[in-house]
Structure formats: structure tokens, C-alpha cells
Amino acid sequence: MSQYILLRHREIPDLNQLEVYRKHGGFEAFQKVVTAMQPEEVTEVVKASGLRGRGGAGFPTGMKWAFTDKKSWPHYVVANADESEPGTFKDREIMEGNPFQFLEGVAIAAYAVQAHAAYIYLRGEFWKIAASLDQEISDLEAAGLLGDKLFGSDYSLRIYTHLGAGAYICGEETAMLESLEGKLGQPRLRPPFPPSFGLYGKPTVVNNVETLSNVPLIIARGADWYRSIGTDKSPGTKIFSLSGRVNRPGNYELPLGTPFRELIYVHGDGIPDGRKVKAIMAAGASSALIVATEEALDTPMDYESVPRLGAQLGSASVIVVDDSVSIDWVLHKTLHFFSHESCGKCTPCREGTYWMRHIIDRIYAGEAAWQDVELLNEVAQQIKGKCLCALGEFSIEAVVSGIERFEADFRTRVSDGKAAEIRAAMEMEIRNT
Amino acid sequence: MLSEKYEQEIDAILAKYPPDQKRSAVMPLLYLAQRADGFITKQAMNEIAAILGVEPTEVGSIVGFYTLYSDKPVGTYRLQVCTDLPCALRGADEFLEKLCENLGIKVGQTTSDGLMTVEAVMCLAACDKAPLFQVQSGEGLAYHENQTMESALGLIDQLRSPDAKGR
């Protein structure tokens, strides 16, 4: 059987054409759920499959659907296509190559929670993808696969695209809902969570593009089939976005539980110039830095194993850092990102990312003393656990792990830099006066 | 006036959202205004506020929050190079520096003919195809991936030719 569940367009030419997608069983799963299954049954199948959210948190998808408050109506489905984590470029490939499978997943999720409207929130840069999706949605409506009274039932569904406009924070589900409501994209206080209080205050399921794209085949082939791939607690395949210092960066769809070594050395064809891996970031810029020991390279990439390395799998955006790179530069890069993207709502994150950026710039420029490295760590610790959403937490992952696990890089920068000279000159001056 | 020139488009946008949630249409309407004038004018903000039944300052705050909206005129083409970590590991910083050097400007500046503004931007979700940039123009957004200095300068020459799209 084919290795692809999601990136099937790599094997089936023109899968982004509706007739081709239908020739390969497309929209049979959606027709089946609407005509022959109760909404709760659909949720039960997804629960049984063990599918977990692919956006980063790994939360069980079926459980999220089951949480939808049945006492409050209408319900909404929002597909998270805001893909903005540095190192992540998988949803884009799905939407470009296999868009109908994604749309069918949206439709099945909507039926499962009895939503009659679903929104796809795309980052503004995905302007062309949104235009294609609009066309594909109208193709589906013309074919009678979306719209009113589907397949002779009473069920109606419309899907709409909505473009963001350049804000990483809108990938956070409550900020995304605020943005979709026409407000500033800033996170809400949780609880209540979106399944009880979501879009327009109504119960809403927010799922990532990759998560939803798994659903049609789970319905078509069954939960047991899905569970036969991957690991016991992390079933299925995952698209690993491989980037950084590798010979063959790109998306690789592999069973969850594939070791880092296979991804980096077999699929990614190793490191340029025969260099060694120094650090791995498994969840994009939001990652703790994994020290690339032999043991780490042999660790299976799944939601249970990666935390044993003091990190998270997240969206499985694997950034490879080789041994020519100093870790303070990595932090300089990630902190510029997070201080730019902090939405400004919570003080610890807004001020903390700002000051961390200034301190790391000084360190990276060789103008800092060891006390500055300690100060950086201290500021990071003060952000921890004090914000509404995870952005602040993400911003300190690389900082705290980097200083702890790659202390030598910071020591070198501090002692090699101008700071040492300046300090020596000052001490000399003091002695001379 | 937007509402006269783009009546049908505005109606289509409003139809996407529940009738009592018109405010949701603020982002697509701002895109429409930006496409019409090249940037978002005060007048457009006022008009959008009137369409949605919100205060103009609320529309203004949306313009300020999101980086893809501009309330000032910009170069006809905005070349935006991603310099985030994964791209930087593939030479994006050096690429940006050389590009600016070739155009005789600094990052964030516009060439003297007013056509090219070069900027560094955050992740564009194409990390495996770095160095890359997007070009923002009246035609929308276009990605240019796996770039070399030669291919980038070639593209810039094309964009500078008088019959280029998006001008």
C-alpha cells in the first residue's frame, strides 16, 4: 500500500482536479457520513482512530469534537491554515497539491458537530491558495457536494475562506477567532475553550489543515487501518517539514515514531560539507534545543518520545543546526522573530521578548558579559507561566534550553567579544587612578 | 468611493459572514481598499467603518496591527525577503545584503525610481526553498523561491520594464 495518506498528490497526478480526486474515491466518505451515519458515530470513529491535532498541541481530535456544547447553537468549524511557525511549510503543500482531501475533511468535521458554516483562516501570504480554494469550493457547490440539502438529506454546509494579514499570533486558536470576528488578533482568556465559546461566542471546533486532511481516509478505511500506522499512542503519519542545514530539505510524510536519524540522514541526505548535527529544533522556532547526541538521533519522533529529550514534537518542523553554528546566533534569530510577533496584550511577553532581544543582540555582538547571559535567562524565567497564550512560553524554549545545554557557546562569545576588552580596559583605568 | 466602484465585490464579501456579524468583513474590505489605492487611505478607513457600523479608529487599529496593510504609499513593488532562522541557515541574510548592495539601497529603503522597496520579513512558510522572497504589488503577492542573485536581479529587471504587470 502507498506510503502517503496526505501527500497523495505526489503519486496521483492532477489530484487537485475534482474529477481526479473523485475518481480516487473523493467525497465518498463525506457522502457516507451524511447519508448513513449519525454525527456522534463520525466523532466516535475519529476518536477510535487516535488521531491527534497536527498543529502542535497533539490534542485528541475526536475528543475535541465531542466537547462541542450541544446546548448552544449554531456551531462552527474553523480550519487553521495560518501556518506561520518558522520551519513549517506542510499545510501549504496539502492545500496546493491535495486541496479536495482537506476540504472533504473540513466538511466531515462540520457534519460531525452539525455546523452549517465553516471558515478556513489562511495567512495573508497564502493569497493565491485562498483564490484556488475559492474556485475549488465553487466546483464542489456546482457538483452538489457542498451547499443546501446535500445528498437528499436535510444537511447544508457552506465553506468560506478568510485571509489574515501577517500576524503569527493568529495561529493561536482564540486569537484566530478574534481576528475572524474583525478584531485585533489577540488571544482570549481560557477557559472557556472554543468548543463551548468560540467564533461569535458559539461552540467552535478549530483544527489544523493537516489534522482535517487525515479525516476522509479514516472514515473511508476505518479506525483500525489508521491505528496500524505509527505508534500506539501516536497513530498515523505526520508530515515532517525538514529545514536548515540538510542536503535535501522538504516535506516528508512518515509514520509517527520514525527516528530523527532516518529523517535527517536518509530522507534529508545528511548535512552539507560532511558536518555534524549540533542541535535539533523539532517544533520550529518554538522548540527547545535538543542536543544531537547519538541517543537523541535514535529517538522516535512522536508525541511521547520527544519530551524525554526535554523538548516537544509540536508541528514537527525539524530545523537542523550544524556544528558550524553558534547557539547564541540561533537565539538572536528566534528572539527577533518572537519580539516582532508578540501581540502586545500580556506585559510579560510584550516586554520580555523586547528585552530578551536587546540582551541577545548585545551578546551576539560580543559586547556582553556573562552576567548578561544570566540576565537573559532570568528574564526568560519571568515570562514563564504568566501569559494568556503560548507565544511567551515558546519564545523562551530555545533561550532556556540553549543556555543550559550549550553553555560553552555563550562562554566563548562573552570571553572572545569586546566586552572582555572593555572590562579589562576599565579595570586598568581603575587601577591607574 | 469604494462602495460605488466595487459594489458587487463588497456584497460578496459581506455575504460570507452572518448578517449580524458584519465586522468580520473588515479584513477583506481593507484588502480591497489597498488594491484600489495602493495603500489604505483615511477616506477608505472611514468608508469601511461606515459600511460595518464601527468607529474609524477601530478600523485604523486593525490596519496598524497587521503587517500586510499599509497606511502610507510604498514602492510599486515590495520585495520581502524572509530572514528567519531556517532561511538564515540557508544564506538568507547574505542574500538580502547582496540584493540591497546591488540596488544601492539599505534594507527598508526604496530605490530612487520609486519602484522597489526591499524589506526583511518574518517566516513565509517556504523554509525548504530559501533564499526566497515575496513580491507585493497591485497584482497581489507572488512567491519567488530558490533564488540566486542572478535570478533575483533578472526578475527585478523584468519588473522595471514599462509593460510589467502590477504597475
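Computed from the coordinates by the stated procedures, all read-outs in this text should not be read as laboratory data. Small disclaimer: the values here were computed from a predicted structure and weren't measured. Quick reminder, even Gly has a Cβ in these numbers, built from the backbone with ideal geometry, and neighbours come from all protein chains shown.
Couple of notes before you dig in:
- FRET efficiency estimate (nearest 0.05) - Cβ-Cβ, B:Thr148 to B:Glu97, R0 22 angstrom: 0.95
- Axis angle, to the nearest 10 degrees, between helix A:99-112 and the longest C-alpha principal axis of chain A: 70 degrees.
- Residue by residue, region A:200-217 carries 3J(HN,Hα) couplings of 6, x, 9, x, 9, 9, 10, 10, 6, 3, 5, 4, 5, 5, 6, 5, x, 6 Hz when phi is fed to the Karplus relation 6.51 cos²θ - 1.76 cosθ + 1.60 (θ = phi - 60°); x denotes Gly or Pro.
- Percent breakdown of C-alpha pair distances by 5 Å bin, ordered from the shortest bin, for region B:1-146: 2, 9, 17, 17, 16, 13, 11, 8, 6, 1, 0
- Residue order for B:Leu153, A:Leu6, B:Leu2, fewest other beta carbons within 10 angstrom first, comes to B:Leu153, B:Leu2, A:Leu6.
- Translational D in µm²/s for region A:289-433 (Stokes-Einstein at 20 °C, 1.002 mPa s, Kirkwood Rh from C-alpha pairs): 130
- Across region A:1-106, Cα-Cα distances exceeding 20 Å account for 51% of all pairs.
- Cβ-Cβ FRET estimate between A:Gln114 and A:Arg221, R0 fixed at 41 Å, reported to 0.05: 0.95
- Distant-in-sequence amide H partners of A:Arg52 (H built 1.01 Å from N, under 5 Å): A:Thr61
- Treating r as the C-beta distance of B:Lys106 and B:Asp157 and R0 as 22 Å, the FRET efficiency rounds to 0.60.
- Stokes-Einstein D (µm²/s) once Rh is taken as the Kirkwood radius of region A:234-363 over alpha-carbon pairs, at 20 °C in 1.002 mPa s: 139
- When both bridge partners sit in chain A, DSSP labels roughly 40% of those beta bridges antiparallel.
- Once the chain from A:Val266 to A:Ala408 is taken as fully extended at 0.36 nm per residue, the excess over their C-alpha distance is 48.1 nm.
- Debye-sum result for region A:220-272 in log10 I(q)/I(0), which assumes one identical scatterer on each alpha carbon, at q = 0.25, 0.27, 0.29, 0.30 Å⁻¹: -0.88, -0.96, -1.04, -1.08
- Cβ-to-Cβ counts within 10 Å put A:Ser286, A:Ser401, A:Ser213 in ascending order as A:Ser401, A:Ser286, A:Ser213, the fewest first.
- By the Kirkwood approach, averaging reciprocal distances over each pair of separate Cα atoms, region B:1-55 gets a hydrodynamic radius of 11.1 Å.
- Extent along principal axes [Cα atoms of region A:27-170; Å; largest to smallest]: 41, 34, 27
- Taken residue by residue and averaged, Cβ atoms of other chains lying within 10 Å of the Cβ of A:369-375 number 0.
- Computed magnitude of the charge dipole of chain A (debye, nearest 20; Cβ of K, R +1, Cβ of D, E -1): 580
- Note that region A:315-320 has calculated 3J(HN,Hα) couplings of 7, 6, 9, 8, 9, 9 Hz, one per residue in order, obtained from phi through the Karplus relation 6.51 cos²θ - 1.76 cosθ + 1.60 (θ = phi - 60°); glycine and proline are x.
- When the convex hull of its Cα atoms is projected in every direction, mean area for the protein assembly as shown (nm²): 29.6
- Computed over chain A: relative contact order in percent, which uses C-alpha pairs under 8 Å that are six or more apart: 15
- The average projected area of region A:1-50, computed from the convex hull of its Cα atoms over all directions, is 4.5 nm².
- Kirkwood-type radius of region A:243-309, with distances r between different C-alpha atoms, in Å: 12.2
- Within straight-line reach of A:Lys47, meaning a Cα separation under 26 Å, sit the following lysines at least 8 residues removed in sequence or on another chain: A:Lys32, A:Lys64, A:Lys70, A:Lys71, A:Lys90, A:Lys202, A:Lys233, A:Lys238.
- Normalised by 2.2 N^0.38 Å, with N the number of residues, the alpha-carbon radius of gyration of region A:138-193 equals 1.57.
- Computed over region A:142-267, the P(r) curve from all C-alpha pair distances, binned at 5 Å from the origin, holds 2, 8, 12, 13, 14, 16, 18, 12, 5, 2, 0 percent per bin.
- Full extension of the segment from A:Asn247 to A:Glu41, taken as 0.36 nm per residue of separation minus the current Cα-Cα distance, would add 69.6 nm.
- Couplings 3J(HN,Hα) of region B:11-16, computed from phi: 4, 5, 5, 4, 5, 6 Hz, in residue order, whole Hz [Karplus 6.51 cos²θ - 1.76 cosθ + 1.60, θ = phi - 60°; x for Gly and Pro].
- Computed over region B:104-151: relative contact order in percent, which uses C-alpha pairs under 8 Å that are six or more apart: 23
- Extension gain, A:Ala365 to A:Trp73, is 99.5 nm, computed as 0.36 nm per intervening residue step minus the present C-alpha separation.
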